[in-house]
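What follows draws every value from the coordinates through simple rules; no lab data is involved. Just so it is clear, the model here is predicted, and its values are computed rather than measured. We place every Cβ from the backbone using ideal geometry, glycine too, and count neighbours over all the protein chains shown.
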Amino acid sequence: MCGIVGYIGNKNACEVILNGLNKLEYRGYDSSGIALNINGKIEVHKYKGRIKNLEEKLAPLGFNSPLGIGHTRWATHGAPSDKNAHPHSNMSGTIALVHNGIIENYIQLREWLINEHHVQFESETDTEVVVHLIDHYYEGDLLEAVFKAVEKMKGAFAIGAICCDEPDKIVAVRKDSPLVVGLGKDENIIASDIPALLKYTRDVYLINNGEVVLLTKEGVRIFNESREEIKRDVFHVTWDAEAAEKEGYDHFMLKEINEQPRGVDATLNRRLDDYNRITLDGIQITKEDLEKINKVYIVACGTAYHAGLVGKFAIEKFAQIPVDVDIASEFRYREPFIDNQTLFIAISQSGETLDTLAALREAKRRGARVLSIVNVVGSSVARESDDVFYTWAGPEIAVASTKAYTTQLISMYLIALHMAVTKDAISQDYYDLIVKELKALPAKVQKMLENTDTIKEIAKINYEKQHAFFIGRGIDVAVALEGSLKLKEISYINSFAIAAGELKHGTIALVEEGTFLTAVATQDHLFEKMLSNIQEVKARGAYVIGVAKEGNKEIEKQADRVIYIPDCIDEVTPVLSVVPLQLLAYYMAVLRGCDVDKPKNLAKSVTVE
Ligand code: AGP
């Protein structure tokens, strides 16, 4: 999604903003721009393309200003172009604005501004209506003009505005889209996300929905929608910007795949005491609460949704509670059965996915108890949940989610076990077995990461394929779905996943000589069935990669190549079987010359519907 940065202070705003925008590149964008207060006038420079393009155009101008705002745009309304890039200005050029989100009523506002106030628009964007609204209400007080403009606006937006007649301030607003404020000495910064601030400060204000912020270099004031000033505790960021660097790997994605043993271990072992009892920090669900729960929904998008599918399996198997899993963009529009006996579990790496946030809000509105599994500390989903279970994956920069996924799985297992123990629904022996198997996973993931030759060979043979199939049974369907998503989103190979038993109901018509198919066959009790499915597709010429547990020699008789995962019980295989699929997708995408960390059309955090 878009990224915004604003600076006021004694440094050169141009440098601070460009540094911040570079740290927000992972959010996905197609153009960038900056507005600076230069000798009492606002200079706007904005171009389609990478930030590097903007930097090259600014360099010879040698700007040095104490005040400015900047933006990386991921197009929603209006194609990527210089004109549609942000910042946008009012007609007289005295006000400039950057925005992340969508103004849902921009058409009505645009018509009103044109017809009633003869505004001339320069761009096709929804954003431009905002700066003209502020201009319309401006009577010498930028803060008040922003308040009035925001009252007219519907949708999701994080905005930053400056005015050349008030060169000592930035006004920012947060509604649904993320916004944080970095606090410095005689300087303050707004940004869409914390990485943009870390070079300058670790002390931040996390801005809540509906809040308006006034920054001067001396200080920051936060107001609620009723214009009442509110106090906010300073949040001190503990993780390092360097953690978000590649640390020697060719891509963030490969770095993050290799960080999975550490993430799985951190997410797991911080919640197990010396007696392997689960202590869930951030979750206050009691036995009484659980006894009231008669419905569990797990709601998420993309990879997080695939983690939810495994979560369903775990909660139903360990805690014997029925679970519905749904994609967030569908959930909120299908009149779900929700009341105060519903537990709503939201899973989100970024904690800013608007579809998931909107579904969470709908569930809360209907009385559900909301528990979220989130990777970004202090993100919107986390702040709006009753209980939060943080994955300790560390910053995930690559658009394709990997370490967040495996730590989401661990989180689901722990929550399911906690529910099972709280309900007395699990025997001590079975509990001990699951915990023992979970604790063995970090080392098993590490072992797979050290043996990638087979995966690299398979990638070399198949990277030019245009289509790919993934099949599985039981919990392996969720892994097949995740492997398929990884491959399609970074290699652009047309990939899809299907329950193996469904092949014969239509899809097998597509299987022909050379069809590239991966069969995830880790479930002992379903292996014979999977073997039959492999034989079915082999008989039609498919090239089959099998994913199976070490020691399974049977599959070698049927599959063309086999990728083995370390032996483990069926219940926890997804944490292992997904790793070779992540690596296969990565190597195939690299061989295809794709932009692995920033795939086309995608964003790390989808903060629009
Ligand atoms: C996963 O590789 C994709 N980047 C995407 O499907 C992602 O999982 C989805 O947008 C949800 O994001 P979230 O976990 O931040 O909510």
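In µm²/s, what is D for segment 277-429 at 10 °C and 1.306 mPa s, where D = kT/(6 pi eta Rh) by Stokes-Einstein and Rh is the Kirkwood radius from Cα pairs?
Once the numbers are plugged in, D ends up at 105 µm²/s.
Quick check on segment 258-407: of the DSSP beta bridges with both residues there, what percent are antiparallel, nearest 5%?
Here the antiparallel bridges make up roughly 5 percent for segment 258-407.
Given the DSSP H assignment, sum -39500 (n - 2.57) over each helix run of at least 4 residues in the chain and divide by its residue total; what's the result at 222 nm in deg cm²/dmol, nearest 500?
One gets -10500 deg cm²/dmol as the mean residue ellipticity at 222 nm.
Residues with beta-carbon under 12 Å from that of THR279, excluding THR279: net charge, scoring Lys, Arg +1 and Asp, Glu -1?
0
To check my understanding: the extent here is largest minus smallest coordinate of the Cα atoms along each principal axis. What are those three numbers for segment 159-307, in Å, largest first?
61, 48, 32
Using +1 at the Cβ of each Lys and Arg and -1 at the Cβ of each Asp and Glu in the chain, identify which of PHE469, ILE114, ILE207 lies farthest towards the dipole's positive end.
Selected residue: PHE469.
Of TYR7, TYR137, how do they rank once you tally other Cβ atoms within 10 Å and put the fewest first?
TYR137, TYR7
With each pseudo-label sitting 7 Å past Cα toward Cβ, what's the ASN105-THR454 distance in nm, one decimal?
Each label point is offset 7 Å from its Cα along the Cβ direction, giving 6.0 nm.
At 7 Å along Cα-to-Cβ for each site, give me the label-to-label distance between GLU550 and GLU335 in nm.
For the pair GLU550/GLU335, the computed spacing is 5.4 nm.
Treating only the Cβ atoms of Lys and Arg (+1) and Asp and Glu (-1) as charged, compute the dipole magnitude of segment 215-346 about its Cα centre; round to the nearest 20 debye.
Result for segment 215-346 is approximately 220 debye, rounded to the nearest 20.
Taking the Cβ of each residue in ASP141, ASP432 as the centre, tally the other Cβ atoms inside 10 Å and list the residues starting with the fewest.
With the sparsest Cβ surroundings first, the list reads ASP432, ASP141.
I'd like the orientation of helix 428-439 relative to the chain: the angle between its Cα long axis and the longest Cα principal axis, in ° from 0 to 90, rounded to 10.
The angle comes out near 60 degrees.
Counting only Cα, what are the radius of gyration and maximum Cα-Cα distance Dmax of segment 377-461, in Å?
Rg and Dmax of segment 377-461, Cα atoms, are 17.0, 50 Å.
Translational D (Stokes-Einstein, µm²/s) of segment 53-140 at 10 °C and 1.306 mPa s when Rh comes from the Kirkwood sum over C-alpha pairs?
Rounded to a whole number, D works out at 112 µm²/s.
So how far apart, in nm, are the two label points at GLU139 and HIS117 if each is 7 Å from Cα heading toward Cβ?
Label-label distance for GLU139 and HIS117, simple model: 1.3 nm.
Taking 26 Å as the cut-off for C-alpha to C-alpha distance, list the pairs among LYS23/LYS403; LYS23/LYS447; LYS217/LYS255 that go past it.
In this structure, LYS23/LYS447; LYS217/LYS255 exceed 26 Å between Cα atoms.
How big is the C-alpha Rg of the chain next to the rule-of-thumb value 2.2 N^0.38 Å, as a ratio?
1.01
Angle check, please: helix 106-117 long axis (alpha carbons) against the longest principal axis of the chain (alpha carbons), in degrees 0 to 90, nearest 10.
10
Cα atoms only: what Rg and Dmax, in Å, come out for segment 1-77?
So, for segment 1-77, Rg and Dmax equal 11.6, 35 Å respectively.
So if R0 is 45 Å, what FRET efficiency would ALA440 and ASN10 give, r being the distance between their Cβ atoms, rounded to the nearest 0.05?
0.25
How would segment 476-542 be classified by its alpha-carbon gyration tensor: rounded, prolate or oblate, with rounded meaning a/c under 1.5 and the a/b versus b/c comparison settling the rest?
oblate
Given a Förster radius of 45 Å and the C-beta distance between ILE569 and LYS52 as r, what FRET efficiency does 1/(1 + (r/R0)^6) yield to the nearest 0.05?
E between ILE569 and LYS52, to the nearest 0.05, is 0.35.
Sorting THR452, THR238, THR353, THR125 on the 10 Å Cβ count, fewest up front, what's the list?
Arranged by neighbour count, lowest to highest, THR452, THR238, THR353, THR125 become THR238, THR452, THR125, THR353.
Angle check, please: helix 142-152 long axis (alpha carbons) against the longest principal axis of the chain (alpha carbons), in degrees 0 to 90, nearest 10.
50
Pull up all non-local amide H partners of TYR29: gap of 5 or more, or a different chain, and H-to-H distance under 5 Å with H placed in the peptide plane.
Hits under the 5 Å cutoff: none.
Between ASP203 and ARG365, what FRET efficiency comes out of the Förster formula 1/(1 + (r/R0)^6) with R0 = 35 Å and r the beta carbon distance, rounded to 0.05?
With a Förster radius of 35 Å, E is 0.55.
Give, as a single signed number, the net charge of other residues whose beta carbon lies under 12 Å from the beta carbon of VAL323, with Lys and Arg counted +1 and Asp and Glu -1.
0
DSSP beta bridges in the chain, what fraction antiparallel, as a percent rounded to 5?
DSSP beta bridges in the chain are roughly 60 percent antiparallel.
If I stretch the segment between LEU272 and GLU228 completely, what's the gain in nm (0.36 nm per residue apart, minus their alpha carbon distance), one decimal?
11.5 nm
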